[in-house]
């Protein structure tokens, strides 16, 4: 009896093993097909600490849900090497489209070839990469030109045509250098004798320290251009606590971050301008561009230049509310 | 002060001369550098790091390290911000913010000092984990607008001195007392220099580091709250790179990374050296493209000068030393 039972069990075990192997084989062949039913789009955004990030992702996820795509996210913490590493990890795991805000456009170029080898799409946003399939380029240089002209007008009209200009910048991010260089050029075009003073600061705590130092060296400085809105918040705090008068002051930043827009809307005497991107449109398009490419959409929908809007104290509050709605 | 005492002090505080040279250079290059308002700003800019540096230096003296301070600072700030946003009121929100830092420090201390886990691995985990938690708590949205009372913490003045500078001075004076006057200072050196021997003579080789981690977490939380007060917002960027700033000041100040040797005055000079350098480079309008090179060169120069002065030890200057006090029987754990 015992022997028979053992034999049955062995047979059952053999059957079960066979069934298991067959099942695993079917699953191995079938799962990739199932997985590929939902296309995977990987978004490499370098800075999730940025105030505009959540608005951007809200719009991207909403669009992905509409299109039936799966979205993968990563954050390199503003480190170009880490960004390359995370992009390579995604490529190894298999994705259908890679959407990247490249911290170093040149370093990212070889990755485009790898993406194409895998028959995937490479979409860049903020700046452009050689060989990309589609892009949503932020018009950083146009924005810098616009802000530079605005600052020059401010210096002419409110500061008697003369004024030192401070810049908070960062040297290792192309978007930032484009913003700042073009602002320089636009101011110099109008006021060639303007003196520039620069410090490195990308975020609010660094912006606070850098502006404190700038104001010690140049207490008469009335114009401060910051490469990000977050940095502008630090500059604002430094001015506010310096005891210097806020009259005819111009602090400006880039991005269109929520806190900055709300301060401008409230006519804050320190923070005057934010060069605002349409964050909601960018979030939507980073998902829509792959869709258009997969479905033969027109080039106007896959090669997009995103303009900035100058939001200042003269901007109607209703217009600011429209931009702010993406943060809801 | 005798010649030998002067030489002995020089050996231990070579960085002081590097700092003096740096101040002299910037004073020549910028007429606005050597002024009381500018030095007040330098102290204000470095007060937060200074608060964290004191317990941080004590940990390194014990042969340990806390790499999670920047992330604990931001976590405490955003938890404070959320508490304020949910209407808990300023005193309760402040206590919650500080408690978060102390709790994280206790967590670090328990795992590292009591359980013997690697301080680098655990606090690196904290560096990622606490910042991740802060981002999770905020979900990307910064809270701001905490009112005048809270603004006093970061922007207020008492007798013309900024509040953060006063807080730093208090913490530094307490640190000086513990480091040089209380038995704890010698016990920390013993824990960092020869832990097993220290345990044998009854020094609390587990409890001392545990409480230092709690102090480090608390100092980081206070630092985060001060920055949140200065910005009137609990941005998730608070504390970014703070651990490196803290380590730079401590190591530049001559505290041995393996523990057992160091001077709190050296740490103060290290802190001021970095602060003066950052401020001075802005004052003389160094191009941002050259700024990092200048910082690197100055730090290497300072370290070299410090090493040069330490080698004066070969002049055979006697340095006073005090015996380690053995605690009462049963005091050790």
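Couple of notes before you dig in:
- Matching residues in the range B:137-150 - criterion: being surrounded by fewer than 17 Cβ atoms within 10 Å (Cβ to Cβ), touching a residue at least 12 places away in the same chain (Cβ under 8 Å) and either within 12 Å of chain A (Cβ to nearest Cβ) or part of a loop (DSSP other than H, G, I, E, B) (or both): B:145, B:147
- For the range B:225-241, filtered to residues that are within 10 Å of chain A (Cβ to nearest Cβ) and assigned to a helix (DSSP H, G or I), the residue that is farthest from residue B:51 (Cα to Cα) is B:231.
- Screening the range A:1-106 for helices (runs of 4 or more DSSP H) wholly inside it with 2 or more residues that are modelled with pLDDT of 65 or more and within 14 Å of another protein chain (Cβ to nearest Cβ) returns the ranges A:53-67.
- Residue match in the range A:221-241 (condition: out of contact with any strand residue (DSSP E or B) (no Cβ under 6 Å at 6 or more places or on another chain), surrounded by fewer than 18 Cβ atoms within 10 Å (Cβ to Cβ), more than 25 Å from residue A:172 (Cα to Cα) and facing another protein chain (nearest Cβ under 9 Å)): no
- If you go through the range B:9-39 and keep only what is assigned to a helix (DSSP H, G or I), in contact with a helix residue (DSSP H, G or I) (Cβ under 9 Å, 6 or more places away or on another chain) and closer than 18 Å to residue B:263 by Cβ, you end up with B:9, B:10, B:11, B:12, B:14, B:15, B:16, B:17, B:18, B:19.
- Set B:282, B:255, B:267: member being part of a helix (DSSP H, G or I) and over 27 Å from residue A:170 (Cα atoms): B:267
- Condition check for residue A:321: closer than 19 Å to residue A:59 by Cα, crowded, with 22+ Cβ neighbours inside 10 Å and out of contact with any strand residue (DSSP E or B) (no Cβ under 8 Å at 6 or more places or on another chain): no
- Restricting attention to the range A:162-220, the residues being touching a strand residue (DSSP E or B) at 6+ places or on another chain (Cβ under 9 Å), facing chain B (nearest Cβ under 7 Å) and part of a helix (DSSP H, G or I) number 6.
- Among residues of the range A:187-202, those that are touching a helix residue (DSSP H, G or I) at 6+ places or on another chain (Cβ under 9 Å) and within 27 Å of residue B:294 (Cβ to Cβ), counted: 10
- Evaluation of residue B:299 against (1) modelled with pLDDT under 85; (2) in contact with a helix residue (DSSP H, G or I) (Cβ under 7 Å, 6 or more places away or on another chain); (3) more than 30 Å from residue A:164 (Cβ to Cβ) (one fails), failing number: (3)
- Every test in (1) buried (at least 19 other Cβ atoms within 10 Å of the Cβ); (2) out of contact with any strand residue (DSSP E or B) (no Cβ under 8 Å at 6 or more places or on another chain); (3) within 14 Å of another protein chain (Cβ to nearest Cβ) is passed by residue B:244 save one, and that test is (1).
- Residue in the range B:168-186 that is within 11 Å of another protein chain (Cβ to nearest Cβ), at negative phi, in contact with a helix residue (DSSP H, G or I) (Cβ under 7 Å, 6 or more places away or on another chain) and in contact (Cβ under 8 Å) with a residue 60 or more places away in the chain present: no
- Evaluating residue B:261 against the criteria (1) within 30 Å of residue B:304 (Cβ to Cβ); (2) assigned to a helix (DSSP H, G or I) leaves one unmet condition, (2).
- Residue within the range B:51-63 that is modelled with pLDDT of 95 or more, in a helix (DSSP H, G or I), under 13 Å from the mean Cα position of the chain (by Cα) and within 11 Å of chain A (Cβ to nearest Cβ) present: no
- Among residues of the range A:242-272, those that are in a loop (DSSP other than H, G, I, E, B) and buried (at least 23 other Cβ atoms within 10 Å of the Cβ), counted: 2
The values are calculated or read from the model by the stated rules, or taken from the named source; none is laboratory data. From a predicted model like this one, the values you see are computed outputs, not experimental measurements. All Cβ positions, glycine included, derive from the backbone under ideal geometry; neighbour counts span all protein chains shown.
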